Amino acid sequence: LDTRELGYEDGEYHIQVNKSNWAAWAYNRNAGWFTDFSLEVDARLVDGTNKSRYGMVFRLQDNENFYRFLVRGDGYYLVGTKTNDKWTRIKEWIRSDCRDHGKPCVFWELHQLRMTVRLYLKFRQIRQ
């Protein structure tokens, strides 16, 4: 069994991690590099425990250097970095109020303009 499975299912992109204490992410190597961009995402935890995490990687330079936004199965979220293969939290885990049958649901917007990043969160019910 692979440690991760990636792909589209029913119009949604899924990343399934099959190993405890393991992280997985994916990116489009052919998309090029973006200096300025806006991104809107609906995301949800399909399966897993309250400690399971999902989110987004941005400002990726390589697999050892990037920013991350994570949401946990119990509704907490954080922003952090991986720099030279070391994980750092910019903000500690912050509690949100959105829960859907024990799983949080989130919509976020990320705007990057030059060196400034703005992240807007809206915890709400999204489609099942």
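The values are calculated or read from the model by the stated rules, or taken from the named source; none is laboratory data. The structure displayed is predicted, hence computed values, not measured ones. Reconstructed Cβ throughout: ideal geometry from the backbone, glycine too, with neighbour counts over all protein chains shown. What goes into the accessible areas is simple: the full protein's heavy atoms, side chains included, and nothing from ligands, DNA or RNA. Shrake-Rupley method; radii C 1.70, N 1.55, O 1.52, S 1.80 Å.
A quick yes/no check of all residues on (1) open to solvent by less than 80 Å² (accessible area, probe 1.4 Å); (2) more than 19 Å from Trp93 (Cβ to Cβ); (3) in contact with a strand residue (DSSP E or B) (Cβ under 9 Å, 6 or more places away or on another chain); (4) in a strand (DSSP E or B):
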site	(1), (2), (3), (4)
Gly32	yes, yes, no, no
Ala43	yes, no, yes, yes
Gly55	yes, no, yes, yes
Leu60	yes, yes, yes, yes
Phe69	yes, no, yes, yes
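With among the aliphatic types (A, V, I, L, M) and closer than 21 Å to Arg114 by Cβ as the only criterion, which of Leu6, Leu45, Leu39 stands out? Even if it seems obvious, please write down each step before you answer.
Values: Leu6 fails: closer than 21 Å to Arg114 by Cβ; Leu45 fails: closer than 21 Å to Arg114 by Cβ.
Sole residue among the options that is among the aliphatic types (A, V, I, L, M) and closer than 21 Å to Arg114 by Cβ: Leu39.
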Within the range 71-94, considering residues that are open to solvent by 30 Å² or more (accessible area, probe 1.4 Å) and assigned to a loop (DSSP other than H, G, I, E, B), the one modelled with the lowest pLDDT
Asp85
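Please specify each residue of the range 95-106 satisfying the condition of being at pLDDT 75 or above and not polar (S, T, N, Q).
Residues of the range 95-106 at pLDDT 75 or above: 95-96.
Within the range 95-106, Arg95 is the sole residue that qualifies.
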Checking Glu109 against (1) charged (D, E, K, R); (2) surrounded by fewer than 17 Cβ atoms within 10 Å (Cβ to Cβ); (3) closer than 29 Å to Asn30 by Cα; (4) modelled with pLDDT of 80 or more, which single condition isn't satisfied?
(4)
Taking the range 4-30 as the search range and keeping residues that are over 20 Å from Tyr77 (Cα atoms), touching a strand residue (DSSP E or B) at 6+ places or on another chain (Cβ under 7 Å) and of a type outside the set (Phe, Trp, Tyr), which one is least open to solvent (accessible area, probe 1.4 Å)?
Gly7
On the given criteria, is Asp47 assigned to a strand (DSSP E or B) and acidic (Asp, Glu)?
no
So which pairs qualify, if the first residue must be in the range 17-45 and among the polar types (S, T, N, Q), the second must be outside any loop (DSSP other than H, G, I, E, B) and surrounded by 13 or more Cβ atoms within 10 Å (Cβ to Cβ), the Cβ gap must be under 6 Å, and the two must be at least 6 apart or on different chains?
Ser38/His111
